[in-house]
Amino acid sequence: MTGVQTCALPIYSISTLYPSLRNSLSRVHEDLRSLKTRKLTNEEIEHLKQHGNHSSDASWSNVSVMITEEEGELFYIDCFFIGDNVISFQKGEVRFSDDLCLPACVRTTTFKNCVIFPSCFFSNNTLAENCVFLSGSVCMSNGRLTCKPSASFGNGQLCNVGNETGGYSIKLDGDLFYTDMRQLLEEGTQPVFEPIREDRCVIGPSACIEYCSLLDSVFIGEGCHIIASMLVDCTVLGSRANRTLVSNGNATSSILQWGVHFETGSNCVCSLLCEHSFTDCNAKIINSVIAPNTGVSSGECNSSLVGPFIGFHHNSVLISAIWYKGKGNIGYGANIGSNHTGRLPDQELIPGEGLFFGLGCNIKYPCNFMNAPYSLIASGITTLPQKVEMPFSLINKPSTNYEGVSPAYNEILPGWALYSNYYMLIRNENKFSKRNKSKRCAFEMHILRKDIIELLVKARNYLLMRDKLSKEAFLDLDAFGTLRDKRNCSCQFLHTIEEESDDSSEDAPYLELNSMVKEIYTDADIAGLGKNCMTNKSRLHGISVYSFFIRLYYLRLLKRFIRETFESKPEGLTMETLTKEAENQPFYNAIRLECTETDLLSLMLSLQSMEMLLLQNAIWSKKKDFVRGRKIMDQYDVTHDYDKDMEVVEERKKLVGGEMETVIASLQSLA
């Protein structure tokens, strides 16, 4: 009985998945240096003539042939050779696609100063000059392929991101990492690469070019497929595992890295498209850097650094934005950066991680949302130039006209996304992990992490209306103690926020920390609000929800600490033994300030309750969409699958439940 044979999937190294531009060029140079050629024999010249080939030199001395181990037939038909050319024996087949192989041959093409390696396919090309065609390349029905002397293939081209009259100048390079942009933003420098100067285009191995009107001074990497496009002074990188596709697009002085899809009328000038980014539907990209896993469709992107996992899929405008951390979304009709001042375009925008720009919003510059990650700008509103430092907030039109508040101000609800749309956070984390294709750059997929929590602490301090905290204290214990004691169960935070009705006259029983308590606050009263107003009720809700998630973060850290310690040294596991090391003291102090419980078991039971509450909140936030949809649309359930939408929540519930049961059981066994 014959057993079933299985084929192991190929395992690629990073250098194979993403071969560097300079290493690829070095290999081409080595191949050319080691190339051995000879003159054509009289019989070979006669054979070429009989098949309709011509040379600008009647003696055919301008055409040499490669010396290879196995010489076959010079399979050239109806070609014209101008200048000095090196040809090779064509035999076997050339892979055009996964399901189609073509016979290796060269026909109906004019060559000038070209090198043609074995196993290529050419058909109906007007002119190929100053090019090196590596083995496996395919060229069909193209116009002109040419190269200027000392071509850089777009490497070293200056790209200006940020304000259009200054900003940050980036030297584009095929070997740049997106994470190198951090060095540019923080230090004003970037890696220095050896300049590229080439006199020939490189079309190389297994690359396919068809129906292109002009390719001028280009490097086309392994496995790339260029269809009906025009490329001038460009580098297009690819590999066997990460093939780049350019279809019906135009690019000038730009770099397209591995696995990029540049399609359907896209236009690109002086820009870098990092690995696994994509464009389509007439996207317009000028002086911009597009990070891995980000797509631009239909819209215009100018002078911007567009971070990873950004959804830019509609007719909208993004100008002069430094969006390094990405992970946000741009709705249809959003005008982000029009020159509203009537003066020079010398202002910019710094969006925070995960920022959501709603349909038709208008963002006036300058604007800084860096410290307001995962906030939402509601549909149709216009925001004034401002700096907002309230994470996970909703900025919307005021619910009513407030006396003494400018009608140009919007209303801000701090922490709104945390208590009203927690499903979005769970789905985003899942989405980022599943959609990440980049192996070169590491991206943080977790949303509730240290730097985000530090912003929550800062925002909470603003809402408490306290002076800036000293470096020695995580939070003023006297100030926060009353808040903590009034609601000693953090699990009630979200319940209270959702259960209080809009017309309730009783706000949460917090200790007021400032005698000037008001019904409406602006940036004149509380820092971080930007050009927005905020009700006192929203302030108290913000304090509650920020406190809940700060506590949640440190309890999750404690859970991980317990699991790691229990695996290595379970005996005598107490809060004190966990924090013996000096570097753990800040962590211990944070737990002490944020939590009323003092023993590990009580803390973990509290965390379990908080996690379950959050999952219930996620279900509620999604369920309300279905309740509303079913009231409006009779066939809502035909096109919406509630169970499928809940899969991400059920996965999280299973994971969290298993971890909590293990940790609690371990602590109970010690007790």
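Find the helices (runs of 4 or more DSSP H) located wholly in the stretch 586-671 whose residues include 1 or more that are among the aliphatic types (A, V, I, L, M) and modelled with pLDDT under 90, and list them.
600-632, 647-670
On the basis of being hydrophobic (A, V, I, L, M, F, W, C) and either in a strand (DSSP E or B) or open to solvent by less than 40 Å² (accessible area, probe 1.4 Å) (or both), does LEU74 make the cut?
yes
Among SER229, SER213, which is the only one that is small (Gly, Ala, Ser) and closer than 17 Å to CYS131 by Cα?
Answer to the selection: SER213.
Could you list, ordered by first residue, the pairs with Cβ atoms under 8 Å in which the first is in the stretch 430-445 and at negative phi and in a helix (DSSP H, G or I) and the second is aliphatic (A, V, I, L, M) and buried (at least 16 other Cβ atoms within 10 Å of the Cβ), at least 6 apart or interchain?
ASN430/VAL648; PHE432/MET445; SER433/MET445
Could you give me the residue pairs with C-beta distances under 9 Å whose first residue belongs to the stretch 12-41 and is free of Cβ contacts under 8 Å to residues at least 40 places away in the same chain, whose second residue is open to solvent by 70 Å² or more (accessible area, probe 1.4 Å) and hydrophobic (A, V, I, L, M, F, W, C) wherever it lies, and which are 6+ apart or on separate chains?
What qualifies is LYS36/ILE67; ARG38/ILE67.
Kindly list the number of the only condition in (1) in a loop (DSSP other than H, G, I, E, B); (2) under 23 Å from ASP199 (Cβ atoms); (3) at pLDDT 95 or above that fails for LEU35.
Result: LEU35 passes all but (3).
Test each condition in (1) in a strand (DSSP E or B); (2) modelled with pLDDT under 95; (3) closer than 30 Å to THR41 by Cα for ASN125 and report the one that comes out false.
(2)
Looking at the stretch 186-200, can you tell me whether even one residue there is modelled with pLDDT of 95 or more and more than 33 Å from the chain's Cα centre (by Cα)?
Checked against the condition, which is being modelled with pLDDT of 95 or more and more than 33 Å from the chain's Cα centre (by Cα), the stretch 186-200 yields at least one hit.
Answer yes if at least one residue in the stretch 78-95 is under 28 Å from ILE255 (Cα atoms), assigned to a strand (DSSP E or B) and either at pLDDT below 95 or open to solvent by 10 Å² or more (accessible area, probe 1.4 Å) (or both), and no otherwise.
Yes, the stretch 78-95 has at least one match.
Take the stretch 519-558 and flag every residue that is out of contact with any Leu (no Cβ under 6 Å at 6 or more places or on another chain) and among the charged types (D, E, K, R).
GLU519, ASP525, LYS537, ARG551, ARG556, listed by residue number.
Step by step: first the residues of the stretch 237-292, then only those that are of a type in the set (D, E, K, R) and not in a loop (DSSP other than H, G, I, E, B), then the one that is nearest to the chain's Cα centre (by Cα). Which residue is that?
ASP280
What's the total number of residues in the stretch 214-236 that are at positive phi and outside any loop (DSSP other than H, G, I, E, B)?
Result for the stretch 214-236: 2.
Name the residue, out of HIS29, HIS47, HIS54, that is touching a strand residue (DSSP E or B) at 6+ places or on another chain (Cβ under 8 Å), of a type outside the set (Val, Ile, Thr) and more than 13 Å from VAL86 (Cα to Cα).
Within the list HIS29, HIS47, HIS54, the selection yields HIS54.
Could you list all residues from the stretch 402-416 that are of a type outside the set (Gly, Ala, Ser), under 17 Å from PRO391 (Cβ atoms) and assigned to a loop (DSSP other than H, G, I, E, B)?
If the condition is that a residue be of a type outside the set (Gly, Ala, Ser), under 17 Å from PRO391 (Cβ atoms) and assigned to a loop (DSSP other than H, G, I, E, B), then PRO414 is the only one that fits.
Restricting to the stretch 223-251, name every residue that is out of contact with any His (no Cβ under 8 Å at 6 or more places or on another chain), modelled with pLDDT of 95 or more, under 21 Å from LYS437 (Cβ atoms) and open to solvent by 30 Å² or more (accessible area, probe 1.4 Å).
HIS225 - this is the single residue of the stretch 223-251 that is out of contact with any His (no Cβ under 8 Å at 6 or more places or on another chain), modelled with pLDDT of 95 or more, under 21 Å from LYS437 (Cβ atoms) and open to solvent by 30 Å² or more (accessible area, probe 1.4 Å).
Taking only pairs six or more apart or across chains, which ones have beta-carbon atoms under 7 Å, a first residue in the stretch 395-414 that is surrounded by 10 or more Cβ atoms within 10 Å (Cβ to Cβ), and a second residue that is among the hydroxyl-bearing types (Ser, Thr, Tyr) and not in a loop (DSSP other than H, G, I, E, B)?
ILE395/THR383; ASN410/THR383; LEU413/SER538; PRO414/SER538
Here is a yes/no grid of residues against (1) open to solvent by 100 Å² or more (accessible area, probe 1.4 Å); (2) of a type in the set (D, E, K, R); (3) free of Cβ contacts under 8 Å to residues at least 24 places away in the same chain:
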site: ALA618; (1), (2), (3): no, no, no
site: ILE632; (1), (2), (3): yes, no, yes
site: VAL649; (1), (2), (3): no, no, no
site: LYS653; (1), (2), (3): no, yes, no
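For the stretch 128-153, which residues satisfy the criterion of being touching a Phe, Trp or Tyr at 6+ places or on another chain (Cβ under 6 Å), within 30 Å of LEU100 (Cα to Cα) and part of a loop (DSSP other than H, G, I, E, B)?
Result: LEU134, SER135, SER141.
Looking at GLY156, GLY166 in this structure, which one is under 16 Å from SER20 (Cα atoms), of a type outside the set (A, V, I, L, M, F, W, C) and either without any contact (Cβ under 8 Å) to a residue 40 or more places away in the chain or in a loop (DSSP other than H, G, I, E, B) (or both)?
GLY156
Can you list residue pairs whose Cβ atoms sit under 7 Å apart, with the first residue in the stretch 170-194 being closer than 20 Å to SER320 by Cβ and the second being modelled with pLDDT under 95 and in a helix (DSSP H, G or I)? Count only pairs 6 or more apart in sequence or on different chains.
So the pair list comes out as ILE170/LEU184; GLN190/ASP180; GLN190/GLN183; GLN190/LEU184.
The values are calculated or read from the model by the stated rules, or taken from the named source; none is laboratory data. These numbers were taken from a predicted model, which means no experiment stands behind them. Virtual Cβ from ideal backbone geometry, glycine too; neighbours counted across all protein chains shown. Areas reflect the complete protein model, heavy atoms only, side chains present, ligands, DNA and RNA absent. Shrake-Rupley method; radii C 1.70, N 1.55, O 1.52, S 1.80 Å.
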